Amino acid sequence: MNETATFADALRVWRTNRRMSQLELSLTSEVSSRHLSFLETGRARPSRDMVLRICDALLIPRAARNELLRAAGFAPIFPATPLDSEVMAPFRRVVDDMIRRHAPYPAMLTDRCWNLIDANPAGRLLLSPFGDGAINLVRELACNPIARDLICNWSETVAEMASRIRLEVLEAGDDPALMALLRHLEQALDRTDRPRHAPLRRPVAPLEINAGGRVLAFLSTIVHFGTSEDVTVRDLRLELLFPADEATRLALIESAS
């Protein structure tokens, strides 16, 4: 949501994104359709409880709920604690332990926009062709020409990631950062011969990496931390890559020894 948007503007955008009529939202939130109409036109101002009730009905993520509260003139209620703060130390130790224990298989921690925060040695090695600077996994995949050479099934991987980001855009609503990532992926798809909605060739599409003449195949699992009210924690993604075949498993064990 645009930080300068009014509550009326934001409500209209979210309702439209969720493909709900005012009547449907009225029934779901138990708010009269007349009052919802007044809220969307700016003729009425919501109470704090009203904002949260509408957010519940629209299934709005916590970060966006904070923005709607601000737009309505209220303080945000969901904390967004820096990951390196002292209060987050116990949680960070848990995440660090998960990353460390995943060795010798790659593990990467990102924020909601797929900016790399941390990785174990295997993950760093996997990403080393992209350099040592700030890495956004989606932009590297879609825009960096190195990715085409590194990923054997690049077109399939881009298509799978585009499907994933479309769902995230749907959940997050009018999120310019995620929408920009989706545009990068869709532009990358336009540069391939793969039909935009081609069916998968197999039940699970592995990530196939060209590693010095041999192919390493991985299956990906994304871990979300959904039990926290903290925006930072809720937005984290821990991607754990597992070997998709025995040759990859043995190669990873060998490289770690």
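Computed from the coordinates by the stated procedures, all read-outs in this text should not be read as laboratory data. Given the structure is predicted, the values throughout are model-derived calculations rather than measurements. Counting neighbours? That spans all protein chains shown, and the Cβs are built from the backbone with ideal geometry, glycine included.
Only Lys, Arg, Asp and Glu carry charge here, each on its Cβ (+1 for the first two, -1 for the last two); on that basis region 7-71 has a dipole of about 120 debye about its Cα centre. With respect to the chain, whose longest principal axis is taken over its alpha-carbon atoms, helix 154-172 is tilted by about 20°.
Relative to the compact-globule estimate of 2.2 N^0.38 Å, the Cα radius of gyration of region 204-257 comes out at 1.50. The label-point distance for Leu167 and Asp9, in a model that sets each label 7 Å from Cα toward Cβ, rounds to 3.2 nm. A simple spin-label model places pseudo-atoms 7 Å from Cα toward Cβ; at Arg18 and Asp97 they are separated by 3.7 nm. Expressed per residue, the C-alpha convex hull volume of the chain stands at 154 Å³.
Remark: the chain carries a charge dipole of roughly 600 debye about the Cα centre, counting +1 on each Lys and Arg Cβ and -1 on each Asp and Glu Cβ. Considering only Cys55, Val169, Leu240, and ranking their Cα positions along the charge dipole of the chain that arises from unit charges at the beta-carbon of Lys, Arg, Asp and Glu, the one farthest toward the positive end is Cys55. For region 9-25 and region 26-76, what is the centre-to-centre distance using only Cα atoms, to the nearest Å? Taking the Cα centre of region 26-76 as reference, the centre of region 9-25 is 11 Å away. Here the Kirkwood formula, the inverse mean of 1/r across different C-alpha pairs, assigns region 1-111 a hydrodynamic radius of 16.2 Å. Rounded to whole Å, the principal axis extents of the Cα atoms in region 105-178 read 34, 25, 22, largest first. By definition, a body whose alpha carbon gyration tensor gives a ≥ b ≥ c is rounded when a/c is under 1.5, and region 7-71 falls into this rounded group. Candidates Leu27, Phe38, Asn66 compared by Cα position along the dipole of region 7-71: farthest toward the positive end lies Asn66, with charges placed on Cβ.
Put in order of Cβ neighbour count within 10 Å, fewest first, the listed residues Cys143, Cys55 become Cys143, Cys55. Helix 62-71 and the long axis of the chain differ in direction by around 30°, with both axes built from C-alpha atoms.
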